[in-house]
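Data first, discussion second: the structure below is written as structure tokens.
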Amino acid sequence: MSMSAATEPLYAIQDLADLADVSRRTVRYYVQEGLIPPPLGVGRGRHYGQAHVDRLLQVKELQAAGRTLDEIRAAVAGGVANRVARRAVASAPDRSLWRRVQLAPGVEIHVAHHITLPGPNRLRELADWCRLHFTPSSHE
């Protein structure tokens with residue numbers, strides 16, 4: 001994820017997919033089907049903004065409510081089904097992007113998307129420390 005000049009977060013396709021708990025293939029399919037707008041930029045510089053996240057979550061909520069893709073397409077285009085879309089989005093939980101790092105069996109950390117992870121060597125040191133100090137308890 002990066003930040004634009006207007007400080008709106010910009011997401012790579014994988015970040016967008018993670019936020020909505022879908023695959024990159026699903027994101028591409030939804031763009032192809034007109035359910036979400038195409039990415040901003042061109043080529044490898046393509047990125048997605050908050051409007052893409054909101055629309056993708058709206059599509060998922062409508063799917064969860066049992067709507068067909070045609071009904072969802074009409075809803076996101078501003079059709080009569082838009083009332084259902086607003087109701088579904090209003091009840092959607094807040095989402096944020098987190099990374100999960102497993103350090104040892106049973107030990108993991110969760111790092112917010114805006115926090116820079118240390119390099120691989122530092123993570124390996126932390127994992128080694130965790131394996132040394134967090135040992136499974138034996139139930140005798």
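The values are calculated or read from the model by the stated rules, or taken from the named source; none is laboratory data. Owing to the predicted nature of the structure, the values given are computational and were not obtained by experimental measurement. Don't worry about glycine lacking a Cβ; one is built from the backbone with ideal geometry, like all the others, and counts go over all protein chains shown.
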**OP:** Scan (1) at negative phi; (2) surrounded by 10 or more Cβ atoms within 10 Å (Cβ to Cβ); (3) out of contact with any Lys or Arg (no Cβ under 6 Å at 6 or more places or on another chain) for the single condition residue 106 breaks and write down its number.
**Re:** (1)
Subject >> Checking residue 111 against (1) loosely packed, with under 13 Cβ neighbours inside 10 Å; (2) modelled with pLDDT under 90; (3) not assigned by TED's automatic domain parsing to the domain that holds residue 22, the condition it does not meet >> reply: (1)
**OP:** Would you check if residue 35 is closer than 15 Å to residue 13 by Cα and not charged (D, E, K, R)?
**Re:** no
